[in-house]
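The values are calculated or read from the model by the stated rules, or taken from the named source; none is laboratory data. Since the structure is predicted, the reported quantities are computational estimates derived from the model, not experimental observations. Cβ coordinates were reconstructed from backbone atoms using ideal geometry, including for glycine residues, and neighbour counts include every protein chain displayed. Ligands, DNA and RNA are excluded from the accessible area calculation, which covers all protein heavy atoms including side chains. Shrake-Rupley method; radii C 1.70, N 1.55, O 1.52, S 1.80 Å.
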Amino acid sequence: MLTPFRVVPLAQERIWGGTRLGPPRTLPIGELWLVGPSLAVADGPHAGRTLDALAAELGPSLVGSAAPTRRGPRFPLLLKLLDPASWLSVQIHPNDAVARVLGGPEAVGKAEAWYVLEADPGAELIAGARPGVREADLRAAMRGGASTTSLLARHAVTAGDVLLVAAGTLHAVGPGVLLYELQQPSDLTYRVDDWGRPTSRTRPIHTKEALASVVPQNRAVVRATDGAGRVAACRHFTLDVVDAPTRLDPAWRTVQLVTAVGAPADLAGIGWTARLEPLETIVVPAAARAWELRPSPGGRALVAALPWRDERRVRSPRVVGEPGLEPGTSGI
C-alpha cells in the first residue's frame, strides 16, 4: 500500500529574501519549496525519486483521478514558503493557454493562493489594478516601461489572511510577511516592474510576455480566516484550514499536501502514523484511504488538494459543510 511520505525541501536564494527560512548563503533565502514535481522523496521505498517521476509511474494511486491529464508536469501541485525582506517584483503569470504559446506545448500556467502565516505591522500585498484604472492606461505603463505600482491595488494583511490570485493578475509580495503559496506546478514568471533595481541577464523585464499574459480586469480580495474550513478554491486546487480532529478521505481522487502551522500535528491512517512539526509538510497519496488529522491545541493544519465532485470531508464530532458547486468548475 502506498503510504504518506516527506519531501526534501529546496531552498532558493533571492535578492529580496529574509531570514525566517534560514541563514543567508551567497544571497538570502527567499523561497523554500516544500512540494513540487522536481523535488525528491525524502523517506520510504521511493526515497530519492522526484515527485514527477513517481507520478508518471504510479499515476492515480499517487495524484488521484482528479489530476489533469496533459503534457508537462505529472505531479499537479507546487507548494512554497516565501520570506521577503523587500518587495518582490511586480509580476504576472500566464494561464494555461498563454503558457503553451510562450513556453512550449508542455508549459503550464500558474494560478496561486496565498495564506499569510506571519505579518509585521503595515505589511502589504499587491494584487490587481485599482478600481477605476483603465486597461489602456495599465497596458501603456507596462509597454512604456513606466512604474505600474501607482495603478495597482495594495492590500494590508495580517496572519490568517488569504488571497486567491488568478493567472493573468498583476501582483507583488511585500516585506514583512511569511507566506504559504499554493500553485499550479509552474514557475513561469514575467517581471513587469522591479522597484528600480537594475535589469540584468538574470533579472530582465518581460514586457512582451507580460502584455500577452495580463488580464487587466482581474482583481483579488483579501479574505480573513478566523476558523476552520475551505479558504481558497479554483479549478486547479483547494485549500482547507483544519484546527480540530478531522477525518479526511482522499478516496483515490486527490493527493493531499498537509502542513502544520503554529504547533505540531499528528496524522494516522491504516498502517501508518506521522507527526509534523510547525511548517513541516507531508504528502498523502490518493490511495492512502481514510485517515485522521489532529492538530495540537492552538495549532492548525493547511491541507492542499485537487478539486473533485462528490467530495466528502467528515470532521469529528460534526460534519463540515461544503460550498455548492459552481457551473464550470471541477468540484469545489
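As a rough guide to protection, the peptides 250-258, 121-129, 53-61 ranked by mean Cβ packing within 10 Å, highest first, stand as 250-258, 121-129, 53-61. Computed from the Cβ-Cβ distance with R0 of 22 Å, the FRET efficiency linking Thr207 to Leu10 stands at 0.15.
The packing ranking of peptides 283-293, 217-227, 260-270, highest mean first, is 283-293, 260-270, 217-227, where packing means the average number of other beta carbon atoms within 10 angstrom of each residue.
Leaving out ligands, DNA and RNA, and with a 1.4 Å probe, what % of the accessible surface on segment 23-94 is carbon or sulfur? Of the solvent-accessible surface of segment 23-94, carbon and sulfur hold 57 percent. The charge dipole of segment 117-264, taken about its Cα centre with unit charges on the Cβ atoms of Lys, Arg (+1), Asp and Glu (-1) only, comes to about 620 debye. Take each peptide in 156-162, 299-305, 201-207, count the other Cβ atoms within 10 Å of every residue, and average; sorted highest first, the result is 299-305, 156-162, 201-207.
If the chain linking Thr273 and Leu58 were pulled fully straight, counting 0.36 nm for each residue of separation and taking away their Cα-Cα distance, it would gain 75.2 nm. Counting only protein heavy atoms and a 1.4 Å probe, segment 195-259 has 48 square angstrom of accessible area per residue. State whether the chain is rounded, prolate or oblate according to the following rule on the C-alpha gyration tensor (a ≥ b ≥ c being the square roots of its eigenvalues): a/c under 1.5 gives rounded; otherwise a/b larger than b/c gives prolate, and the remaining case gives oblate. Taking the square roots of the gyration eigenvalues as a ≥ b ≥ c, the chain is prolate. With contributions of -39500 (n - 2.57) from each DSSP H run of at least four residues, the per-residue ellipticity at 222 nm computed over the chain stands at -3000 deg cm²/dmol. Based on the alpha-carbon gyration tensor of segment 1-117 and its eigenvalue square roots a ≥ b ≥ c, which shape applies: rounded if a/c is under 1.5, prolate if not and a/b is larger than b/c, or oblate? Oblate. If you find the alpha carbon centre of segment 189-242 and of segment 41-93, how far apart are they in angstrom? Here the two parts' Cα centres lie 18 Å apart. Summed over the residues of segment 71-141 and divided among them, the accessible surface reaches 37 Å² per residue at a probe radius of 1.4 Å.
Farthest towards the positive end of the charge dipole of the chain, among the residues Gly104, Ser89, Pro45, is the Cα of Gly104, using unit charges on the Cβ of Lys, Arg, Asp and Glu.
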